[in-house]
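*Asks:* I have a structure I would like to understand better, so I am pasting it below and will then ask my questions one at a time.
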């Protein structure tokens, strides 16, 4: 099992990272994410389309493809208290993902190196780094 954040899902759905494709395809476990992942992925794909990094049709196909991923979504209500406790080191959005990783005892997979450099000892693996 692993918890994935929106950066991982956006990278996968938009085909930006072949290593990520291999990692997710090799992942034999369930991938977990808080319910907010759908909104964050949609927001990121919209932004990429508006900036011309991906065409709108591809972005639209990508947002629908999120339903094909082996993602188990978790409600926020049991995560917000721990997320609030992490507020001094992380955005609330990031803290929700970290709270889920802590609750499940699993690693958070991300492309956001800031999460690993926070100085807080949490289970974070930054993808794309050697």
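*Asks:* Tell me, which residue of the range 22-39 that is touching a helix residue (DSSP H, G or I) at 6+ places or on another chain (Cβ under 8 Å) and more than 17 Å from residue 58 (Cα to Cα) is modelled with the lowest pLDDT?
*Replies:* My answer is 24.
*Asks:* Oh, and also: Between 82, 126, which is within 21 Å of residue 15 (Cα to Cα) and in contact with a helix residue (DSSP H, G or I) (Cβ under 6 Å, 6 or more places away or on another chain)?
*Replies:* 126
*Asks:* Something else: Please find, within the range 43-64, the residue that is farthest from residue 8 (Cα to Cα) out of those that are touching a helix residue (DSSP H, G or I) at 6+ places or on another chain (Cβ under 6 Å) and without any contact (Cβ under 8 Å) to a residue 12 or more places away in the chain.
*Replies:* Looking at the filtered set, the residue picked out is 56.
The values are calculated or read from the model by the stated rules, or taken from the named source; none is laboratory data. Quick caveat: nothing in here was measured; it's all calculated off a predicted structure. Positions of Cβ are backbone-derived with ideal geometry, glycine not excepted, and every protein chain shown enters the neighbour counts.
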